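Colleague: Below is a structure I'd like to ask you about.
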Amino acid sequence: MPTTDGSRTPPPPAALPTGARDVLPLEAAELRSAEDALRRAFRAYGYREVRTPALEFAGQLERGQGAELEHVFRLFDEDGRVLVLRPDLTIPVARLIATRLTDHPGPLRVSYTGPAFRAPQTGKPVATEHRQAGAELVGLAGPEADAEILALLGGALGDAGLHGFRIGVGDVSLTRAVLDGLGVADGARVRLAAAAAARDLVAWRRESEAQPLTVARRELLAGLPAVRGGAEVLEHIAAEVPAAADAAARLGRVLEFTGLPERTVLVDLGILRDWPYYSGLVLEAYAPGLGAPVAQGGRYDGLGGRFGVPRPAVGFSIELELLHRAIAATDPAEALRDGVVLVGAMDAEAGTARAVRAAGVPVVGLPSGDDRADRVAAADGWRYVARRAGDGFEVADRLRGETFTCARLEEALPSR
Amino acid sequence: MRAPGGGPAIPLRICIPLGALFPGTVERLGAAGVDVACLGDVGRKLVLEAGDGTVFITTRPTDVPTYVEAGAADVGVVGRDVIEERRPDVYELLDLDFGGCRMVYATRDGEDPTPGAIARLGIVRVATKYPACAMAHFTATGRQAEVVKVNGSVELAPLVGLAHGIVDLVATGGTLRANGLVEREQLFGSSARLIANRASHKLRAEEIDALTARLAVAVGAAR
């Protein structure tokens, strides 16, 4: 607003709650394109979309998680019951499957896309709202199901335009079998689990070296969370700890069935999920330049039972904003989008605008005589600017840096 | 070395702490066969490139986990004290066995004022540069503490009545003694650690494992 001395008062600050943010057109378009690619990949495997509400009862989700929810937004309903904004979609979708799709003969395949929420934490600059896209395969317990989920994840990430990613695959039942086979006592297991959760491999090694084992077995235990490699690491474990041979062979079959390039999937026994509901396969997908996994998941056969219907289940969820950040780090933004800013499209040239749109080229309308066509095209990244010139149109092609004339815009633009 | 998926080769980025841990870090990396010649004269440069392409990023020690956690560096060297305080989401791969020191709780010489403070006031007041470590220690031992964050010369706080005691990192204890303070409790022992970014630990598993193994040999040889 102008003031008496002619200066403008500063606009009010664009205040948003901590961790909240707006998404502008370029980012929105890229997020949409990545999400569309994921949805197509899910559909190609026959995963049908489901949706769950953003608000759930805190008690329901805590029952699924088996622990108190941390860093969630809590609120109350009209009867004073505690609600939460869902912190992820895995548990709500498991709840939906266990309570609404009980009579499905199985195997059951569902996918989802939607926002999840987390409360801000001091010193951790994370967005409070983040979109997740995921898939769940329910009713199959074998390695084929784990392999399909891995293949779907790898294919979907690739389709979305992510390069150079790796999917780390562990198996909590294999890790357990190794500890059983080595005879690690309960007390030591608790300390090992704490070290693994903190990703403290120094503490893990110290605890391992205190175990009464042969040198070879002690080295195996000490190096367990750092084991990363192909099928050969599974053979090594099976040879050293025969009790873990079955679990190692199962994971070997999972790798064999995925059909992904060898270096894309990596056996990684250091992956241990923070949540206790995982029962077998655990997976994390990593992309260059990201500090956190772009996707994670695994097998959680016990989760459905917590909602009444026990069924084996395996799945993953992809963090869309992280996926976009990784893609944006390697791929330049699309320079110009196919579309024409047409002067007069909103009045005199409305017929031409209709025809061009029908031909599949977006038309951005301006009233006749509006002189902002070039600036609008530059600001929004449209490829063409067109104006009436005699019987035809004068068109600037900003991609090729040339100007041409044509009689019929709806024929000239799609053919270029 | 090519990145997985056939992308362009990217050099390994190592985040190095300036200050007390710098000489030991250079020595360990050199012993492990990393080309550290460019670290001989850092000057005002913050990013240095070795002949073999390795990139060194130099920062304040407390910023090392920040760079590694965010993926701006693949691996880094940092004191255990910083890890305890910051709790970064990174892999802690190796104890590099130098820069040894202890995180301690200290008060003025004479009778320990802590039990009396807790009995009469309900709390003990503690000044520290490490508020998270201090709070965790007193919570874990069942005592209420009021933690005051200060940024330098922590020893001053109990002398002028700002706090009953301090939680601080000591190597020899000389500074404590010079200020009439005595160590009452040890929170943990600290030394330099090799840390790795979570994604790099998977995407560059071969390179990071090789570096870790060579450093482990160098640490063993120095013992």
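Colleague: What does the net charge come to around B:Lys202 if you take all other residues with beta carbon closer than 9 Å to its beta carbon, with K and R at +1 and D and E at -1?
Modeller: Surrounding charge for B:Lys202 is +2.
Colleague: Follow-up. Rounded to whole Å, give me the distance from the Cα center of region A:281-338 to that of region A:25-39.
Modeller: 15 Å
Colleague: Right, another one. Restricting to Cα pairs below 8 Å that are 6+ residues apart, what does the relative contact order work out to for chain A? Please round to a whole percent.
Modeller: 15 percent
Colleague: I've got another one for you. Under unit Cβ charges (Lys, Arg +1; Asp, Glu -1), what dipole magnitude, rounded to 20 debye, does region A:99-190 have relative to its Cα centre?
Modeller: 420 debye
Colleague: May I ask for the distance between the Cα centers of region A:347-415 and region A:78-99, given as a whole number of Å?
Modeller: 49 Å
Colleague: Still on this structure, please answer the following. Can you tell me the orientation of helix B:205-222 relative to chain B, as the angle in degrees between its alpha-carbon axis and the longest Cα principal axis, to the nearest 10?
Modeller: Helix B:205-222 sits roughly 60 degrees off the main axis of chain B.
Colleague: Give me the net charge of A:Leu83's neighbourhood, meaning all other residues with Cβ under 14 Å from the Cβ of A:Leu83; Lys, Arg count +1, Asp, Glu -1.
Modeller: Its environment carries a net charge of -2.
Colleague: Using only the Cα atoms of region A:308-347, build the gyration tensor, take square roots of its eigenvalues as a ≥ b ≥ c, and label the shape rounded, prolate or oblate: rounded if a/c is under 1.5, else prolate if a/b is larger than b/c, else oblate.
Modeller: Since a/c reaches 1.5 but b/c is at least a/b, the shape of region A:308-347 is classed as oblate.
Colleague: Here's something else I'd like to know. Listing A:Trp382, A:Trp204 from the residue with the fewest other Cβ atoms within 10 Å to the one with the most, what is the order?
Modeller: Ranked by crowding around the Cβ, least crowded first: A:Trp382, A:Trp204.
Colleague: Ok, one more. To make sure I understand, if each residue's beta carbon is the centre and we count other beta carbons within 10 Å, what order do B:Val148, B:Val26 fall in, fewest to most?
Modeller: Going from least to most buried by this count: B:Val148, B:Val26.
Colleague: Put +1 on the Cβ of each Lys and Arg and -1 on the Cβ of each Asp and Glu in the protein assembly as shown; which of B:Pro158, A:Ala94, B:Val42 then has its Cα farthest toward the positive end of the dipole?
Modeller: Value computed over the given set: B:Pro158.
Colleague: Expressed as a whole number of Å, what is the distance separating the alpha-carbon centroids of region B:111-182 and region A:163-207?
Modeller: With region A:163-207 and region B:111-182 each reduced to a Cα centre, they are spaced 36 Å.
Colleague: Quick check on the exposure proxy: order B:Arg198, A:Arg43 from fewest to most C-beta atoms within 10 angstrom.
Modeller: A:Arg43, B:Arg198
Colleague: To continue, here is another question. Let me spell out the model: positive unit charges on the Cβ of Lys and Arg, negative unit charges on the Cβ of Asp and Glu, origin at the Cα centre of the protein assembly as shown. What dipole size does that give, in debye rounded to 20?
Modeller: 540 debye
Colleague: Net charge near A:Ser33, counting Lys/Arg +1 and Asp/Glu -1 over other residues with Cβ under 15 Å of its Cβ?
Modeller: Here the charged neighbours net out to -3.
Colleague: Work out the charge dipole of region A:337-412 with +1 on the Cβ of Lys and Arg and -1 on the Cβ of Asp and Glu about the Cα centre, then indicate which of A:Gly401, A:Val363, A:Gly381 is farthest towards its positive end.
Modeller: A:Gly381
Colleague: Continuing with the same structure: Which value, in debye to the nearest 20, describes the size of the charge dipole of chain B about its Cα centre when Lys and Arg Cβ atoms bear +1, Asp and Glu Cβ atoms bear -1, and nothing else is charged?
Modeller: The calculation lands at about 320 debye.
Colleague: Can you compute the helix-only [θ] at 222 nm over the protein assembly as shown? Use -39500 (n - 2.57) per DSSP H run of at least 4 residues, normalise by all residues, nearest 500 deg cm²/dmol.
Modeller: When only DSSP H runs of four or more count, the value is -10500 deg cm²/dmol.
Colleague: For region B:101-189, compute the orientation-averaged projected area of the C-alpha convex hull (one quarter of its surface), in nm².
Modeller: So the Cα hull casts an average projection of 5.1 nm².
Colleague: Return the sequence-ordered ³J(HN,Hα) values of region B:50-63 in whole Hz as given by the Karplus equation 6.51 cos²θ - 1.76 cosθ + 1.60 applied to θ = phi - 60°, using x for Gly and Pro.
Modeller: Ordered by residue, 3J(HN,Hα) equals 7, x, 8, x, 4, 9, 9, 10, 9, 9, 4, x, 6, 8 Hz.
Colleague: Relative to the longest principal axis of the C-alpha atoms of chain A, give the angle of the C-alpha long axis of helix A:245-258, reported between 0 and 90° and rounded to the nearest 10°.
Modeller: 20 degrees
Colleague: If you don't mind, there's one more thing I want to ask. If you take the Cα Rg of the protein assembly as shown and divide it by 2.2 N^0.38 Å, with N the number of residues, what do you get?
Modeller: That works out to 1.16 for the protein assembly as shown.
Any read-out appearing in this document is the output of simple, stated calculations on the displayed coordinates, not a laboratory observation. Since the structure is predicted, the reported quantities are computational estimates derived from the model, not experimental observations. Ideal geometry is used to build each Cβ from the backbone, glycine not excepted, and the neighbour counts take in all protein chains shown.
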